[in-house]
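Peer 1: Please read through the structure below; I'll follow up with questions.
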Amino acid sequence: MRLKLDENLDRTAVAIFEAGGHDAQTVRGQGMAGASDRELISACQSEGRCLITLDLDFGHPLLFDPMEYPGIAVIRLPARPSREDILDACHTLVCAFEGANIAGKLWIVQRGRIREYQGGDQS
């Protein structure tokens, strides 16, 4: 899977995804640090990359309709997160990618679990 890790995720997170067999690029590594949310999600769309971020704004499907993108994974952390909390969430995502397709979906990742929002017509 092709992934873009937001600037709040470091090389250790990249290594976790690459060890899981994924093509992981970082916002910083692509010279996009400080880009607006719209610029970032547009780059993900044009590159065919799922966005992995800690930015909770991407968890609002009315702002960023997951159906329009290759996938959005928002990592939600405790109030005082440790580095281990972030790395655990990355491992949770790697495991989830093995059994599910995130394309067109919003995943909210918390320690050891993922909630999925699919959007679209729910009738």
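The values are calculated or read from the model by the stated rules, or taken from the named source; none is laboratory data. The structure presented is a predicted model; accordingly, all values stated were derived computationally and were not measured. As a convention, Cβ positions derive from the backbone with ideal geometry for all residues, glycine included, and neighbour counts pool all protein chains shown.
Peer 1: Looking at Phe64, Phe17, which is the one that is under 22 Å from Glu98 (Cα atoms), modelled with pLDDT of 95 or more and either touching a Phe, Trp or Tyr at 6+ places or on another chain (Cβ under 7 Å) or not basic (Lys, Arg) (or both)?
Peer 2: Phe17
Peer 1: Phe64 - would you say it is under 15 Å from Gly112 (Cα atoms) and surrounded by 17 or more Cβ atoms within 10 Å (Cβ to Cβ)?
Peer 2: No; evaluated as a whole, the condition is false for this residue.
Peer 1: Pick from Leu9, Leu77, Leu51: which is under 11 Å from the mean Cα position of the chain (by Cα) and either among the acidic types (Asp, Glu) or within 13 Å of Cys90 (Cβ to Cβ) (or both)?
Peer 2: Just one listed residue meets the conditions, Leu9.
Peer 1: Oh, and also: Any residue at all in the stretch 102-110 that is in contact (Cβ under 8 Å) with a residue 12 or more places away in the chain, more than 25 Å from Arg38 (Cβ to Cβ) and not in a loop (DSSP other than H, G, I, E, B)?
Peer 2: yes
Peer 1: Test Leu3 against the stated conditions and say whether it is under 17 Å from Leu106 (Cβ atoms), within 13 Å of the chain's Cα centre (by Cα) and either assigned to a helix (DSSP H, G or I) or not β-branched (Val, Ile, Thr) (or both).
Peer 2: yes
Peer 1: Collect the residues in the stretch 45-61 that are buried (at least 18 other Cβ atoms within 10 Å of the Cβ) and hydroxyl-bearing (Ser, Thr, Tyr), keeping them in residue-number order.
Peer 2: Residue satisfying the conditions is Thr53 alone.
Peer 1: So, one more: Given the condition within 19 Å of Arg11 (Cα to Cα), of a type in the set (A, V, I, L, M, F, W, C) and not in a loop (DSSP other than H, G, I, E, B), answer yes or no: does some residue in the stretch 51-63 qualify? Break it down stepwise before answering.
Peer 2: Start the filter on the stretch 51-63 by keeping residues that are within 19 Å of Arg11 (Cα to Cα), which leaves 51-55.
Applying the additional criterion that residues be of a type in the set (A, V, I, L, M, F, W, C) yields 51-52, 54.
If we keep only those that are not in a loop (DSSP other than H, G, I, E, B) as well, we get 51-52.
Scanning the stretch 51-63, I find at least one residue that is within 19 Å of Arg11 (Cα to Cα), of a type in the set (A, V, I, L, M, F, W, C) and not in a loop (DSSP other than H, G, I, E, B), so the answer is yes.
Peer 1: Quick one: Gln25 ticks every box in (1) of a type outside the set (Lys, Arg); (2) part of a helix (DSSP H, G or I); (3) under 13 Å from Asp6 (Cα atoms) bar one, so which box is it?
Peer 2: Going through (1) of a type outside the set (Lys, Arg); (2) part of a helix (DSSP H, G or I); (3) under 13 Å from Asp6 (Cα atoms) one by one, Gln25 breaks only (2).
Peer 1: Condition first: more than 25 Å from Gly112 (Cα to Cα) and in contact (Cβ under 8 Å) with a residue 12 or more places away in the chain. Can you find one or more residues in the stretch 14-22 that meet it?
Peer 2: No, the stretch 14-22 contains no residue that is more than 25 Å from Gly112 (Cα to Cα) and in contact (Cβ under 8 Å) with a residue 12 or more places away in the chain.
Peer 1: Oh, and also: Tally up the residues in the stretch 27-46 that are among the aliphatic types (A, V, I, L, M) and more than 22 Å from Gly104 (Cβ to Cβ), please.
Peer 2: 3
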